[in-house]
Amino acid sequence: MEELDILINKEHLLPSDYIPEDLYILDNNDNNFHKYQDPTLKPMLREIIKPFLDEMLKNAKKDGYDIIVDSGYRSYAYQQRVLDNLIKEKGKEAYKVSALPGASEHQSGLAFDFAYLRNGIYNDDVIETTEEAIWMANNSYKYGFILRYPKGKEYITGFNYEPWHFRFVGLEAAKMIYDGNLTLEEYHQILTKTKKLI
Ligand SMILES: [Zn+2]
């Protein structure tokens, strides 16, 4: 699990008791629309990716885009509750929009959903044409992140297009995935094939 390019999806589940050991709290409460009363509800990510994330958000800001982490680490139990609620609301459709517990990258502490500032207010209604989403899709690889669920690759990832969800995989993997227009699934397939050839 310590490998930063680990594949997590509907076929590759995280253990139910997995909790990253180096979680840190992102203290952006002052400008976050959630205004958390309970500090334990603030977004958390793995400390190991902090320098990369900070650098990315700093450079986004230089380009005029004010981006914050809206949702980071989520526990196995949390994901179970989210799914249960969605099933009540949407039935089977829930499985398309929410990961099964263990299949969510949010449990790894390596993935986050972002929000962006517009007219002084943070928004989480990220769509394909949101300027910040375009910036993130085109620049995040420089900092080791990838757009994890791209448009047109739903049949490979098993998830709908999510322009707001980014995943840390490390600089080398991110560049290879970005340059090759790959998904993390395809990247892992290539790695496995390469290993077999050697
Ligand atoms: Zn997400």
Exercise. Does TRP164 satisfy being at pLDDT 95 or above, more than 16 Å from the ligand (Cβ to nearest atom) and among the aromatic types (Phe, Trp, Tyr)?
Worked result: no
Exercise. In this structure, does LEU117 turn out to be hydrophobic (A, V, I, L, M, F, W, C), under 24 Å from ASN59 (Cβ atoms) and either within 12 Å of the ligand (Cβ to nearest atom) or modelled with pLDDT of 95 or more (or both)?
Worked result: no
Seminar exercise, completed: When the range 64-110 is checked residue by residue, the ones that are within 14 Å of the ligand (Cβ to nearest atom) and of a type in the set (Phe, Trp, Tyr) are TYR73, TYR78
Exercise. Yes or no: ASP84 of a type in the set (D, E, K, R) and under 28 Å from ASP66 (Cα atoms)?
Worked result: no
Exercise. From the list TYR149, TYR187, which one is within 16 Å of the ligand (Cβ to nearest atom) and among the aromatic types (Phe, Trp, Tyr)?
Worked result: TYR149
Exercise. Somewhere in the range 94-107, is a residue without any contact (Cβ under 8 Å) to a residue 40 or more places away in the chain and open to solvent by 30 Å² or more (accessible area, probe 1.4 Å)?
Worked result: yes
For this session: Looking at (1) touching a residue at least 12 places away in the same chain (Cβ under 8 Å); (2) in contact with a helix residue (DSSP H, G or I) (Cβ under 6 Å, 6 or more places away or on another chain), find the lone condition where GLU131 falls short.
Result: (2)
Exercise. Which of the residues that make up the range 58-77 are free of Cβ contacts under 8 Å to residues at least 40 places away in the same chain and assigned to a loop (DSSP other than H, G, I, E, B)?
Worked result: GLY64, ARG74
Problem set entry | Residue list for the range 126-146, filter: open to solvent by 40 Å² or more (accessible area, probe 1.4 Å) and within 13 Å of the ligand (Cβ to nearest atom) | none
For this session: Taking LEU110 as the residue in question, decide whether it is more than 15 Å from the chain's Cα centre (by Cα), open to solvent by less than 20 Å² (accessible area, probe 1.4 Å) and either under 23 Å from TYR178 (Cα atoms) or free of Cβ contacts under 8 Å to residues at least 24 places away in the same chain (or both).
Result: no
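The values are calculated or read from the model by the stated rules, or taken from the named source; none is laboratory data. Since we're looking at a predicted model, the values are computed, not measured. We place every Cβ from the backbone using ideal geometry, glycine too, and count neighbours over all the protein chains shown. These area figures cover heavy atoms from the full protein model, side chains too; ligands, DNA and RNA do not enter into them. Shrake-Rupley method; radii C 1.70, N 1.55, O 1.52, S 1.80 Å.
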